[in-house]
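The values are calculated or read from the model by the stated rules, or taken from the named source; none is laboratory data. Everything numeric in this text was worked out from a predicted model, so none of it was measured. A quick note on method: Cβ atoms are made from the backbone with ideal geometry, for glycine too, and the neighbour counts reach across all protein chains shown. In case anyone asks, the SASA skips ligands and DNA or RNA and just uses the protein heavy atoms, side chains included. Shrake-Rupley method; radii C 1.70, N 1.55, O 1.52, S 1.80 Å.
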Amino acid sequence: MTIPRDVLQKMKTYPSFYQKVWTACAQIPRGETRTYGWIAQRIGQPRAARAVGRALGANPFAPRIPCHRVVGAGGHLTGYSGPGGLRQKKRLLDKEKSFC
């Protein structure tokens, strides 16, 4: 997905690590999921899965930056800080899969 220009501009006010995480997250196709570890690998910091989780927990651009597409190792739903918690994360993922 192409990150909208306004989001890119606002992202510049956050730490570069967060920007890398959010950019990698934006590349996850609709209806698919990736793990925190996958993002850590993708940004060149393979031991930073927990830090990836913190960055996604601070994501002010959801759902435009779709942090709900990131799951724990083994595909387990974990860590959704948006309203509705994990139930909402599951709803968003189910909705996307039904449109793919």
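Which ³J(HN,Hα) values in Hz, rounded to whole numbers, follow from the phi angles of region 3-17 under the Karplus curve 6.51 cos²θ - 1.76 cosθ + 1.60, where θ = phi - 60° and Gly and Pro get x?
These are the phi-based 3J(HN,Hα) values: 6, x, 4, 5, 5, 4, 5, 5, 4, 4, 8, 10, x, 4, 4 Hz.
Using a Förster distance of 22 angstrom, determine the FRET efficiency expected from the C-beta separation of Gln45 and His76, and round it to 0.05. All intermediate terms of the calculation are to be shown ahead of the outcome.
Details: r = 22 Å, r/R0 = 0.98.
Calculated transfer efficiency: 0.55.
Give the relative contact order (percent, whole number) for the chain; include only Cα pairs under 8 Å separated by 6+ residues.
Details: 117 pairs, mean separation 28.9, N = 100.
Answer for the chain is 29 percent.
Order of 21-30, 39-48, 75-84 by packing, highest average Cβ count within 10 Å first? Present the calculation step by step, with values, prior to reporting the outcome.
Working: 21-30: 19.4, 39-48: 16.6, 75-84: 13.6.
Order by mean packing, descending: 21-30, 39-48, 75-84.
Counting only residues 5 or more places away or on other chains, whose amide H sits under 5 Å from the amide H of Val71 once H atoms are built in the peptide plane?
Arg34, Thr35, Tyr36
Relative to the present Cα-Cα distance, how much length would full extension add between Gln88 and Arg64 at 0.36 nm per residue of separation? Before the final figure, lay out the partial values.
Values: separation 24, 0.36 × 24 = 8.64 nm, distance 1.55 nm.
Fully extending the segment from Gln88 to Arg64 adds 7.1 nm.
How much space per residue, in cubic angstrom, does the convex hull of the C-alpha atoms of region 56-100 take up? Could you put the intermediate results ahead of the total?
Numbers: hull volume 3.3 nm³, N = 45.
Enclosed volume per residue, from the Cα hull, is 73 Å³.
Within a Cβ distance under 13 Å of Ala55, other residues only, what is the Lys/Arg minus Asp/Glu net charge? Write out the running numbers ahead of the final one.
On the way: positive: Lys20, Arg42, Arg50, Arg54; negative: none.
Charge balance near Ala55 sits at +4.
Work the Kirkwood hydrodynamic radius out for the chain: mean of 1/r over every pair of different alpha-carbon atoms, inverted, in Å.
When all Cα pairs of the chain are included, the Kirkwood radius is 13.5 Å.
Compute the signed sum of charges (Lys and Arg +1, Asp and Glu -1) over the other residues within less than 9 Å, Cβ to Cβ, of Glu96. Can you show the working numbers first?
Values: positive: Arg30, Arg69, Lys95, Lys97; negative: Glu32, Asp94.
Summing Lys/Arg as +1 and Asp/Glu as -1 gives +2.
Leaving out ligands, DNA and RNA, and with a 1.4 Å probe, what % of the accessible surface on region 15-100 is carbon or sulfur? Write out the running numbers ahead of the final one.
Numbers: 2560 of 4940 Å².
About 52 percent, which is the carbon plus sulfur part of the accessible surface.
Starting at the first residue of region 20-33, write each ³J(HN,Hα) from the Karplus equation 6.51 cos²θ - 1.76 cosθ + 1.60 with θ = phi - 60°, in whole Hz, x for Gly and Pro.
Using θ = phi - 60°, the values come out as 5, 4, 5, 5, 5, 4, 5, 7, 6, x, 4, x, 10, 10 Hz.
What accessible area per residue comes out for the chain, rounded to a whole number of Å², with a 1.4 Å probe? Please list the in-between numbers first.
Working: 6120 Å² over 100 residues.
About 61 Å² of surface per residue is accessible.
Give me the one-decimal nm value for the distance between modelled label points at Arg54 and Val7, 7 Å along each residue's Cα-to-Cβ direction.
About 2.3 nm, to one decimal.
Taking θ as phi - 60°, what are the ³J(HN,Hα) couplings along region 44-49 by the Karplus curve (6.51, -1.76, 1.60), each to the nearest whole Hz, with x for Gly and Pro?
Here the 3J(HN,Hα) series is x, 10, x, 9, 10, 4 Hz.
Name all residues of region 59-100 having a backbone nitrogen under 15 Å from the label point set 7 Å from the Cα of Glu32 along its Cα→Cβ direction, giving them as ranges.
Answer for this model: 66, 69-71, 97, 100.
222 nm [θ] for the chain, helices only, -39500 (n - 2.57) per DSSP H run of 4+, per residue, to 500?
Values: 5 runs with 49 residues, N = 100.
Dividing the helical sum by the residues of the chain leaves -14500 deg cm²/dmol.
Report the charge-dipole magnitude of region 1-95 in Debye, nearest 20, computed about the Cα centre from +1 at each Lys and Arg Cβ and -1 at each Asp and Glu Cβ. Numbers along the way, then the final one.
Values: 17 positive and 3 negative charges, 13 e Å.
That gives a dipole near 60 debye.
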